[in-house]
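The values are calculated or read from the model by the stated rules, or taken from the named source; none is laboratory data. This is a predicted model, so every value here is computed, not measured. When we count neighbours, we look across all protein chains shown, and the Cβ atoms used for this are built from the backbone with ideal geometry, even at glycine. Areas reflect the complete protein model, heavy atoms only, side chains present, ligands, DNA and RNA absent. Shrake-Rupley method; radii C 1.70, N 1.55, O 1.52, S 1.80 Å.
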Amino acid sequence: MPTTDVNSPMVSSAAGPTAGQPVLRARGVRKTYRLGRVNVPVLRGVDLDVGAGEMLAILGKSGSGKSTLLHLMGGLDRADADGGGEIAFDGRSIRSMSARELNDYRCSTIGFVFQFYHLLPELTVLNNVCLAAMVRWGRLGYSSRRAGIEARASELLEAFGLGGRLKHRPAELSGGERQRVAIARALINEPRVLLADEPTGNLDRATGSQILDLLAEHQRRTGLTMVLVTHDNEVAARAGRSVRLVDGVVAV
Amino acid sequence: MYHAVLTRTYLTTKVMPLLAALAVMLCAAMVLIVWSVMGGFLVKLLESGRATSGDVKITFPNQGFAHYDELVKMLEADTAFVAAAAPIIETAGLVSLPDDRLEIATIRGVDAASYSRVIDLPGMLHWKPLDTPVPKDTLGRDPRLDPELREKMARAFENGLTMTRPDPISGKPVPAMISGIEMTGLSFRQFGGWYEFRPQFVNAIGKTLPDGSVTWINGFMPDKFLTLRLLPIDSEGRVVEMASLTLPVANEHRTGVFELDKRMILVPLAELQAKLKMDESRGVAARDPYDPDAPATVARTIPARVTTVVVRAKPGVSPDELRSRAEAVYARWEADHRGRVPSASLMKANSLIRTWKMEQQQIVDAVENEIGMVVMLLTFISFTASFLILAIFWAMVSEKTKDVGILRAIGASRLGVAWVWVRYGLAIGILGSTLGLTLAYLIVTNINEIHDWLGANLGIVIWKPNVYYFAEIPRKINPLHAGFVFAGGIAMSLIGAVVPAWRAATMDPVRALRFE
């Protein structure tokens with residue numbers, strides 16, 4: 001099985017970080033899906049570094065594997081078992097993490113934002129945001145920190161212009177508002193990396209722009225590492241750096 | 001924490017889980033109602049048996065045993081366990097009924113005074129004045145309520161308590177018997193569970209006379225006589241000549257146990273002892289032929305015998321505890337009369353010191369088996385609720401696939417996702433079982449009223465007092481049974497929830513997030 005040294009120097013200038021030390025590093029990442037009897041390779045050896053505090057856009061057409069790469073970086077999915085390469089966070093291979101460590105990684109280190117918001121329709125805005133903290137801290141931990149967590153959730157929602165919508169349900173919100181709730185949920189546990197999959201893909205241009213402003217502002221203020229996946233050049237242009245994924249590899 | 005929030009949210013915002021809880025409720029209620037009614041039937045049977053036969057019986061059948069007075073005294077001296085004890089004779093015989101039928105009867109010789117201390121004799125007596133009708137006698141047609149019959153009823157009750165009846169000529173009380181209310185056919189059990197003897201209300205029974213004509217013999221049994229045919233057996237077990245005993249009837253008894261009410265006759269102990277040659281007898285030595293004034297000397301005394309001693313327990317003492325105690329007392333008593341009374345080891349080996357439940361083991365076992373079978377069948381039927389929950393949960397997990405993906409994306413473990421659904425099943429189980437128990441309680445405690453309403457309005461009559469013998473459907477819930485049903489309802493829900501929970505836990509989060 002070919003091995004990849006995740007600490008080796010950058011193999012592509014297009015994939016290298018422009019700011020800070022790499023916090024996420026992908027080397028030779030391959031992912032193949034099986035559709036019936038056919039193997040469909042989606043990622044064919046991606047090398048990519050994401051620097052700490054960087055706002056990186058991964059640009060690519062539909063089916064180029066950009067969302068898959070995001071899922072792999074976020075520990076939601078695993079690269080091919082045989083020759084699938086490595087993804088490391090702070091130098092530690094995600095593949096080497098136990099299931100429990102991987103859950104903690106998704107919960108505390110990563111924050112996901114999805115194109116279709118993925119809020120729980122029965123929960124209020126506040127509970128949707130706090131849900132990630134509930135998962136992180138467990139019953140006792142959450143109960144003892146409840147006031148602080150809810151204050152932070154309210155603060156985030158307030159900052160995102162949703163201060164008056166805490167008790168509303170997602171169905172009562174517009175698309176942009178829902179995405180802002182999803183961003184607040186992703187940020188509630190103060191992750192080190194925010195992974196956003198087409199965060200404006202389901203929004204009109206003006207609302208999408210507002211969401212990007214909001215993310216950029218937060219990134220500027222907190223220095224949060226962000227990876228945005230998009231097919232839109234204009235969105236990618238808002239990031240500090242962008243890489244293009246073509247046919248499952250980072251285009252040089 | 002998120003488990004609790006999601007369980008509460010899913011439970012309060014969805015209709016499907018409430019339907020599942022409803023299914024659990026109905027199953028739990030169904031099982032508990034049937035179990036309560038059938039269990040109540042058994043309890044009633046046992047209680048009736050204990051009320052008429054005491055908690056423990058010490059029996060040496062037919063031949064009986066002597067020195068029973070001492071045994072009674074020793075038993076009653078054990079005041080921590082024994083409330084009272086009484087000697088009786090139990091034997092089989094034939095009874096000649098008013099219509100000339102000869103029926104096999106269980107004849108019980110009792111001393112009214114001592115027997116009343118062990119058995120609720122006043123409660124057993126059927127004919128007595130009543131002020132309020134029995135529950136099913138809604139029109140108050142029970143003859144015991146009839147003011148014109150009040151004096152007759154009061155007299156029969158008094159006679160029953162003393163087991164005597166005034167001689168019509170001398171007016172002096174003479175020994176009388178108490179027959180079972182189902183025995184003679186003169187007292188007709190009515191639909192409401194009460195008895196009627198008045199000729200204007202019941203079909204007459206009659207007997208054929210030698211000339212071919214028929215004489216009608218309806219009427220009040222405590223006005224009549226009965227004749228018993230007995231088979232005396234001496235202390236050695238030998239059959240002596242047949243004996244016949246005709247006595248007036250003082251009253252009729254109703255114990256609540258059909259077999260006893262059909263077969264059992266209570267006869268004064270002294271009368272029965274005498275007829276069965278079980279009374280004390282003295283052998284007289286020949287007089288001195290040379291001294292005509294010399295008194296006769298008693299050469300040998302054979303003490304009186306009874307076949308049984310019935311014992312009543314002190315409140316709080318179980319029949320089984322009393323039985324162990326009675327065995328110990330019997331062993332001490334036997335040691336005092338070694339060789340002249342049945343040995344303690346023999347009594348123990350043959351279970352001749354036994355509780356009412358042991359004595360009626362066959363019928364008790366049969367009823368218990370029936371209950372077990374019905375409850376088991378209903379439990380199996382109730383498992384359909386498990387599949388209902390499984391189907392509902394399966395559909396809900398499908399509907400909530402995206403939620404599963406979201407939870408996994410924000411760090412929830414597989415076990416955590418599974419626990420959301422298991423917990424949800426648990427909540428439905430608790431809710432359904434609680435509602436089921438409440439429903440069962442409401443139905444069981446009002447079952448007779450509901451039954452009456454169904455009968456009056458829809459013509460549905462399931463429990464017929466004249467068939468089932470107890471006038472009312474038992475209406476007690478056994479807390480232990482309720483506990484089992486509660487736990488069963490929860491288990492059923494958990495079983496239904498486990499497979500969908502496993503499905504949710506093993507979902508690929510990426511696919512779950514892409515689910516449309």
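Here B:LEU71 meets the list (1) hydrophobic (A, V, I, L, M, F, W, C); (2) farther than 16 Å from B:VAL118 by Cα; (3) open to solvent by less than 20 Å² (accessible area, probe 1.4 Å) almost entirely, failing just condition (2). Among the residues of region B:301-331, those identified as among the polar types (S, T, N, Q) and open to solvent by less than 50 Å² (accessible area, probe 1.4 Å) are B:THR307, B:THR308, B:SER318. Taking A:ARG152, is it at pLDDT below 90, under 29 Å from B:THR12 (Cα atoms) and either touching a Ser or Thr at 6+ places or on another chain (Cβ under 7 Å) or not polar (S, T, N, Q) (or both)? So A:ARG152 does not fit the description; no. Checking the stated criteria, B:ARG475 turns out not to satisfy the condition of being within 14 Å of chain A (Cβ to nearest Cβ), open to solvent by 50 Å² or more (accessible area, probe 1.4 Å) and modelled with pLDDT under 85.
Which members of region A:80-97 meet the condition of being open to solvent by less than 40 Å² (accessible area, probe 1.4 Å) and either touching a residue at least 60 places away in the same chain (Cβ under 8 Å) or in contact with a Leu (Cβ under 9 Å, 6 or more places away or on another chain) (or both)? Residues satisfying the conditions are A:ASP80, A:GLY83, A:GLY84, A:GLY85, A:ILE87, A:ALA88, A:PHE89, A:SER93, A:ILE94.
Restricting the search to region A:36-63, which residues are open to solvent by less than 10 Å² (accessible area, probe 1.4 Å) and either within 14 Å of chain B (Cβ to nearest Cβ) or among the hydroxyl-bearing types (Ser, Thr, Tyr) (or both)? If the condition is that a residue be open to solvent by less than 10 Å² (accessible area, probe 1.4 Å) and either within 14 Å of chain B (Cβ to nearest Cβ) or among the hydroxyl-bearing types (Ser, Thr, Tyr) (or both), then A:LEU43 is the only one that fits. When the strands (runs of 3 or more DSSP E) confined to region B:248-343 are screened for residues that are within 30 Å of B:GLU158 (Cβ to Cβ) and at pLDDT 95 or above, those reaching at least 1 such residues are found at B:264-268, B:308-313.
Do the conditions hold for B:PRO135, that is, is it without any contact (Cβ under 8 Å) to a residue 40 or more places away in the chain and within 23 Å of the chain's Cα centre (by Cα)? No.
Determine, yes or no, whether A:TYR33 is within 11 Å of chain B (Cβ to nearest Cβ) and either free of Cβ contacts under 8 Å to residues at least 12 places away in the same chain or under 27 Å from B:GLU516 (Cβ atoms) (or both). Against the criterion (within 11 Å of chain B (Cβ to nearest Cβ) and either free of Cβ contacts under 8 Å to residues at least 12 places away in the same chain or under 27 Å from B:GLU516 (Cβ atoms) (or both)), A:TYR33 qualifies. For region A:98-129, the set of residues classified as under 15 Å from the mean Cα position of the chain (by Cα) and touching a residue at least 40 places away in the same chain (Cβ under 8 Å) consists of A:CYS107, A:SER108, A:THR109, A:ILE110, A:GLY111, A:PHE112, A:VAL113, A:PHE114, A:GLN115, A:PHE116, A:TYR117, A:HIS118, listed by residue number.
Does B:SER96 qualify as being in contact with a Leu (Cβ under 9 Å, 6 or more places away or on another chain), polar (S, T, N, Q) and without any contact (Cβ under 8 Å) to a residue 60 or more places away in the chain? Judged against the criteria, B:SER96 is not a match.
For region B:90-111, the set of residues classified as over 15 Å from B:VAL306 (Cβ atoms) and open to solvent by less than 20 Å² (accessible area, probe 1.4 Å) consists of B:GLY93, B:VAL95, B:LEU97, B:ALA105, listed by residue number. Can you find, within region B:165-188, the residue that is farthest from B:THR246 (Cα to Cα) among those that are touching a Pro at 6+ places or on another chain (Cβ under 8 Å) and buried (at least 19 other Cβ atoms within 10 Å of the Cβ)? Only one residue fits best here, namely B:LEU186.
Any residue at all in region B:141-155 that's at pLDDT below 90 and surrounded by fewer than 13 Cβ atoms within 10 Å (Cβ to Cβ)? No, because not a single residue in region B:141-155 is at pLDDT below 90 and surrounded by fewer than 13 Cβ atoms within 10 Å (Cβ to Cβ).
Considering region A:98-192, the qualifying helices (runs of 4 or more DSSP H), each wholly inside and each with 2 or more residues that are within 11 Å of another protein chain (Cβ to nearest Cβ) and surrounded by 22 or more Cβ atoms within 10 Å (Cβ to Cβ), run over A:125-159, A:175-187. Give me a count of the residues in region A:194-211 that are crowded, with 22+ Cβ neighbours inside 10 Å and out of contact with any Pro (no Cβ under 7 Å at 6 or more places or on another chain). Number of matching residues: 8. Could you look through region B:376-407, keep only residues that are among the aliphatic types (A, V, I, L, M) and farther than 17 Å from B:PRO17 by Cα, and pick out the one that is farthest from the chain's Cα centre (by Cα)? Among those that are among the aliphatic types (A, V, I, L, M) and farther than 17 Å from B:PRO17 by Cα, it is B:ILE406. Selection within region B:5-25: residues that are at the interface with chain A (Cβ under 9 Å from one of its Cβ atoms) and in contact (Cβ under 8 Å) with a residue 60 or more places away in the chain. The member of this set that is surrounded by the fewest Cβ atoms within 10 Å (Cβ to Cβ) is B:LYS14. The set of residues from region A:212-252 being out of contact with any strand residue (DSSP E or B) (no Cβ under 9 Å at 6 or more places or on another chain) and either polar (S, T, N, Q) or open to solvent by less than 80 Å² (accessible area, probe 1.4 Å) (or both) comprises A:ASP213, A:LEU214, A:GLU217, A:THR222, A:GLY223.
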